Amino acid sequence: MLLGWCGKMNKDFWHGKSVLITGNTGFKGSWMSQILLSSGADVHGYALENNDNDSIFNAIELDKNMDCNYGDICDEEKLAGLIERIKPEIVFHLAAQPIVRLSYVEPIYTYKTNVIGTAVLLNCLRKCDKLRSVVNITTDKVYENGNNDAFFSEKDKLGGYDPYASSKACSEIVTSSFMRSFFDPQKFGVTHSTAIATARAGNVIGGGDVSPDRIIPDCIRAVKNKSSVTLRNPMSIRPWQNVLEPLSLYITLAEKLYDYGVKYNGAYNVGPSLSDCLTVVEIVKLMKSYIPELEYNVSDNAVKEEPHEDAVLTLNTGKIYQLLDFSNKWDINDAVKNTALWYKAQMNGEDMKDVTEKMIQDYFTKDR
Ligand SMILES: NC(=O)c1ccc[n+]([C@@H]2O[C@H](COP(=O)([O-])OP(=O)(O)OC[C@H]3O[C@@H](n4cnc5c(N)ncnc54)[C@H](O)[C@@H]3O)[C@@H](O)[C@H]2O)c1
C-alpha cells in the first residue's frame, strides 16, 4: 500500500526523500518508519537490534521493508559511514535510553546514549551537504519540575530530577550548542542549509510498545499472563497521546524546517489538550473498558518503594499548534481505543502490517 492513503499528509513532499530515523527499531521509531515508508520516502534506520517478537518492529517485519542499520549511537565511525552513504535530507533522532527507572540503574549508560549519542549524531551530520531538517525528539520531562501544578512552556528552566530527565535536558543543550556553533542560523543559505528543532512530547501510547515500566505494555503483559498489573504511581497525571499524534507533528515540523529553514528552529512542546491529561488509574480504567480481561491493583508498598518520578506534568503546547496551524485528531478515548484494538488484533493473530497500515490510514485521512 503506498501513497493513496496519505490524505492530508504531504505525499508529494515525502516521495523519494532520503530520511534517517535513529531508533527505528523502537516503539515510536517503528511507527514513524511505517508512516514514511507508506508515503514513499527513502527510509533508513540506525539503532540497536530488536529481538522481541511482540514489538511493532518485528510484528510488521520492518527489517524486511526498510534499510535497517545496526550499531550504537555513540559509534561515530559507523554512523558517519552510514550518513556518507545515504546522504539524508531529513533526520529524526529517536534513539535513546528512554526509561526513567532504568536510568536509576544505568545512569552512565543513559547519559552516554542520550547526551553523547546526540552529540555524535550532530557531529556526523556536519559533513552532510544535503541535510535540510533535523528533529531531535526529547521529552516533556526536560523541565525543572517542582510538582506544583506547573504548566511548562518552552522558555521554562531546563533541569530534570532523574538521570533520564536530566540526560534529555542535556540533549536539548547539546542540540542548541551545535545549532549555534555549526549550523549558525545567521549563516543559513551561505555555509549550510540545515534547520534544527527539538520536540518535547509527553507520554505516548499505541500498539507494539514492549518497553518495561510503561503502563500500557505492563497492562498487556498482565492480560497475556492472566495476572493483575500493579499500578506504581496511580495518581500521577500525564499528558497521554496516541503515538500517531506526536509523530504527525514531528513530520509537519520537519516539512516546515525543510521548506522555510531556520524560521522554525527551536524547541517545541508537544502534547494533548488539558482534558486529556489523566491519572494512571484513569487511563487503566479506560483501557479496561476496551479489554475487560485487564485486571489491576494498587500496592501501597510498591508506591513507597519506587524511585522518584514527577507526579504532575502538564505542558503549554500553544507555540507549536499556532506556528504549524496544527490540531490533534484523536482525543484520549480514540488514543486508548486504537491502542487496545492493535493489541487485541495481535493477540488474535491478525496480519499486523495490515492492521498498522489501516490505523495509519484512518488517522491521516481524518479531518483535523
Ligand atoms: N514513548 C514515550 O512515551 C516517550 C515520551 C517522550 C519521549 N520519548 C522519546 O521518544 C524516543 C523514542 O522512544 P520509544 O518509546 O520509541 O523508545 P524505545 O525504547 O521503544 O526505542 C528506543 C530506540 O532507541 C534505540 N537505542 C537505544 N539505545 C541505543 C544506543 N545506545 N544506540 C543506538 N540506538 C539505541 C533502540 O534500539 C530503539 O530503536 C526516545 O528519545 C524517548 O526518550 C518517548
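List of remarks:
- Taking only the Cα atoms of segment 16-365, the ratio Rg/Rh comes out at 0.94, with Rh defined as the Kirkwood radius.
- Relative contact order for segment 16-365, counting Cα pairs under 8 Å that sit 6 or more residues apart, in percent: 18 percent
- Here's the list of lysines a cross-link from residue 157 could span, going by alpha-carbon distance under 27 Å and ignoring same-chain residues fewer than 8 apart: 28, 112, 141, 168, 256, 263, 319.
- Taken one residue at a time, the phi angles of segment 66-76 give Karplus couplings (6.51, -1.76, 1.60, θ = phi - 60°) of 9, 7, 9, 10, 10, x, 7, 5, 8, 7, 5 Hz. Gly and Pro are set to x.
- With each label modelled as a point 7 angstrom along the Cα→C-beta vector, the residue 230-residue 190 pair spans 6.1 nm.
- Percent of beta bridges antiparallel (DSSP, the chain, rounded to nearest 5): 10 percent
- Between segment 208-258 and segment 118-175, the alpha-carbon center distance in angstrom: 19 Å
- Shape call, segment 85-230: gyration tensor on alpha carbons, a/c limit 1.5: prolate
- The overall shape of segment 104-163 is oblate: from the C-alpha gyration tensor, with semi-axes ordered a ≥ b ≥ c, the ratio a/c is 1.5 or greater and a/b is no larger than b/c.
- Note: relative contact order over segment 197-241, using C-alpha pairs below 8 Å and six or more positions apart, is 50 percent.
- Placed amide H near residue 160: partners under 5 Å, 5+ positions off or other chain: 144, 145
- Ranking 124, 174, 92 by how far each Cα lies toward the positive end of the dipole of segment 82-195 (charges on Cβ) leaves 124 at the top.
- Likely footprinting exposure, 18, 236, fewest C-beta neighbours within 10 Å first: 18, 236
- Backbone phi angles across segment 87-99, fed through the Karplus curve with coefficients 6.51, -1.76 and 1.60 (θ = phi - 60°), yield HN-Hα couplings of 6, x, 9, 9, 10, 10, 9, 10, 5, 6, 8, x, 9 Hz in residue order; Gly and Pro are listed as x.
- Under 5 Å from the amide H of residue 41 lie the amide H atoms of 16, each residue being 5 or more positions distant or on a separate chain, with H modelled from the backbone and absent for Pro and chain starts.
- Ranked by the mean number of other Cβ atoms within 10 Å of their residues, highest first, the peptides 40-51, 184-195 fall in the order 40-51, 184-195.
- Under Karplus coefficients 6.51, -1.76 and 1.60, residue-wise ³J(HN,Hα) of segment 248-261 in Hz, glycine/proline x: 5, 5, 4, 5, 5, 4, 4, 5, 5, 4, 5, 7, 10, x
- Only Lys, Arg (+1) and Asp, Glu (-1) charged, at Cβ; the chain dipole about Cα centre in debye: 700 debye
- Put simply, the amide H of residue 296, placed in the peptide plane, has neighbours under 5 Å in 229, leaving out anything fewer than 5 places away on its chain.
- Shape class of segment 15-87 from the Cα gyration tensor (axes a ≥ b ≥ c, square roots of the eigenvalues): oblate, since a/c reaches 1.5 or more and a/b does not exceed b/c.
- Positive-end residue, the chain charge dipole about Cα centroid, Cβ charges, pick of 50, 71, 20: 20
- Sum of side-chain charges, residue 49 neighbourhood, beta-carbon under 13 Å (Lys, Arg +1; Asp, Glu -1): -3
- Summing Lys and Arg as +1 and Asp and Glu as -1 over all other residues whose Cβ lies under 9 Å from the Cβ of residue 130 gives a net charge of 0.
- Between residue 293 and residue 64, the distance separating the two model label sites (each 7 Å from Cα on the Cα→Cβ line) works out to 2.6 nm.
- Rounded to the nearest 0.05, the FRET efficiency derived from the C-beta distance between residue 99 and residue 365 at R0 = 25 Å is 0.15.
Every read-out reported here was derived from the displayed coordinates using simple, explicitly stated rules and does not represent laboratory data. Quick caveat: nothing in here was measured; it's all calculated off a predicted structure. Note that each Cβ is placed from the backbone with ideal geometry, even for glycine, and that neighbours are counted across all protein chains shown.
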